[in-house]
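Structure provided below as structure tokens; questions to follow.
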Amino acid sequence: MHPHTGRRRTARFRALIALAVPLLVAAGSVPPAGAAPEGAAPPGSAPGADPGAAPEDERAATVTWTVRPADEQGPDGRSWVELTLDPGESATEHVAVRNLGRTPATFSITTADGYFTDTGRFNMLPSARPSREAGTWVEAPDTVTVEAGGSAVLPFTVTVPRNATPGDHPAGIAASLMSVSQGPGGANIGIESRVGFRVMTRVTGELSPSVAVDNIHTSYALSWNPFEPGSLDITYDAVNDGNTHLTVDAGVEAAGRTEESRSSNGRPGPAELLPGDRRSLTTTVTKVWPLGIVTGRVTLVSAASAEGDPAATARPVTRTFVAWAVPWPQLIILAGVLLVLAGFWRGRRQRRRLEQKLAQAQARPQEQAPAASG
């Protein structure tokens with residue numbers, strides 16, 4: 001379609017790139033402008049350039065970068081920032097942006113409310129969604145230009161509103177680049193790649209750590225071998241109904257066995273829950289015999305995510321459940337055995353009756369025969 005017709009469609013979407021996970025600092029990359037995206041972008045990087053869309057020397061100019069918590073001199077070894085502030089109080093922190101590419105790059109510095117995904121990974125709200133909580137408390141420079149191979153340390157300030165509620169409030173800060181390419185149908189596609197870390201602010205006041213177990217569902221799976229035990233799946237929600245950030249260990253005990261729970265990504269281990277978070281967890285207990293009714297219990301043991309803060313630890317929570325484990329194959333086999341035994345018993349009984357009738361029939365002619373004369 002001719003560009004002067006005014007009918008050319010321009011579509012823009014922003015793909016939020018997940019933040020660096022704890023103990024790992026992700027590196028981001030953005031292809032040169034005009035390079036078409038190829039598939040989904042991995043965490044901390046934009047899609048790679050289409051080999052047919054850009055020459056080799058242009059693809060070599062891909063920008064990669066890292067973002068880390070820092071002091072005034074540079075990265076200080078932290079994975080993220082944790083602050084404890086009074087309502088109305090402010091604190092200044094620093095972020096280090098390092099350009100690992102071969103060309104200078106100008107990064108946008110963005111802040112937003114933070115959250116954990118269903119798989120337990122920390123993330124920031126996308127740029128298109130306005131922040132309403134701790135993301136609005138963070139002030140940072142809008143942009144920073146970093147030379148190739150260089151680093152820049154920027155200050156940012158966290159200011160807690162005077163009416164902020166006590167407890168933990170998550171946010172994130174990131175350095176981002178925007179690339180624009182032409183997608184199918186000639187539409188312009190903008191891809192925002194962001195790399196950053198979480199900024200967790202605890203507002204002083206009354207802390208009320210608390211966890212709960214909700215929505216327990218069970219499902220028993222029979223073994224294909226009727227002489228082998230089956231397995232019991234237990235799905236439930238771990239709920240942080242307090243006001244502190246907690247790390248929760250979850251497990252299920254049933255049929256004399258204890259198994260660790262796993263999140264939706266299938267990985268076992270502790271789950272991080274922010275205030276108000278609800279995480280679906282699943283546990284599979286193996287070698288459970290189908291005895292009709294199986295009882296068990298779900299236990300959540302939480303710990304404060306901030307070290308050295310026992311006051312923010314919730315009490316362990318246990319909830320019991322009852323599951324049906326009907327031994328249908330075993331019942332069918334038992335019914336078959338009983339039918340065979342019943343048939344055998346009935347046949348044997350009929351044979352005995354027949355033998356008795358035959359014996360009676362043979363005895364009657366002898367009784368009716370005249371006695372021999374002397």
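The values are calculated or read from the model by the stated rules, or taken from the named source; none is laboratory data. Model, not experiment: these values are computed from the prediction. For neighbour counting, all protein chains shown are included, and Cβ atoms are generated from backbone atoms with ideal geometry for every residue, glycine included.
Could you look through segment 114-128, keep only residues that are of a type in the set (Ser, Thr, Tyr) and out of contact with any Lys or Arg (no Cβ under 9 Å at 6 or more places or on another chain), and pick out the one that is surrounded by the most Cβ atoms within 10 Å (Cβ to Cβ)?
Only one residue tops the list, namely 115.
Can you find a residue that is surrounded by fewer than 23 Cβ atoms within 10 Å (Cβ to Cβ) and under 30 Å from residue 302 (Cα atoms) anywhere in segment 153-160? It would help to see each step written out before you state the result.
Kept after step one, since they are surrounded by fewer than 23 Cβ atoms within 10 Å (Cβ to Cβ), are these residues of segment 153-160: 153-157, 159-160.
Those left that are additionally under 30 Å from residue 302 (Cα atoms): 159-160.
Within segment 153-160 (the criterion being surrounded by fewer than 23 Cβ atoms within 10 Å (Cβ to Cβ) and under 30 Å from residue 302 (Cα atoms)), the answer is yes, since at least one residue qualifies.
Next question. Restricting to segment 309-354, count the residues that are in contact with a Ser or Thr (Cβ under 7 Å, 6 or more places away or on another chain), modelled with pLDDT under 85 and small (Gly, Ala, Ser).
2
For every residue, the table says whether it meets (1) of a type in the set (S, T, N, Q); (2) under 14 Å from residue 274 (Cβ atoms); (3) surrounded by fewer than 15 Cβ atoms within 10 Å (Cβ to Cβ); (4) in contact with a Ser or Thr (Cβ under 7 Å, 6 or more places away or on another chain).
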site: 200; (1), (2), (3), (4): no, yes, no, no
site: 222; (1), (2), (3), (4): no, no, no, no
site: 232; (1), (2), (3), (4): no, no, no, yes
site: 243; (1), (2), (3), (4): yes, yes, no, yes
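Going by the conditions given, is residue 196 within 15 Å of residue 97 (Cβ to Cβ), among the small types (Gly, Ala, Ser) and in contact (Cβ under 8 Å) with a residue 40 or more places away in the chain?
Yes.
Return yes or no: is residue 176 touching a Pro at 6+ places or on another chain (Cβ under 7 Å) and over 30 Å from residue 86 (Cβ atoms)?
No.
For the condition among the hydrophobic types (A, V, I, L, M, F, W, C) and assigned by TED's automatic domain parsing to the domain that holds residue 299, what is the one hit in 234, 189?
On the way: 189 fails: assigned by TED's automatic domain parsing to the domain that holds residue 299.
On inspection, the qualifying residue turns out to be 234.
Name the strands (runs of 3 or more DSSP E) wholly within segment 57-171 that hold at least 3 residues that are closer than 30 Å to residue 282 by Cβ? So that I can check it myself, show each step before the final result.
Numbers: elements: 63-70, 81-85, 90-99, 105-116, 122-124, 143-146, 151-159.
Because the criterion is at least 3 residues that are closer than 30 Å to residue 282 by Cβ, the strands (runs of 3 or more DSSP E) in segment 57-171 that meet it are 105-116, 122-124.
Only one of (1) assigned by TED's automatic domain parsing to the domain that holds residue 273; (2) within 20 Å of residue 106 (Cβ to Cβ) is not met by residue 196, so which one is it?
So the condition that residue 196 fails would be (1).
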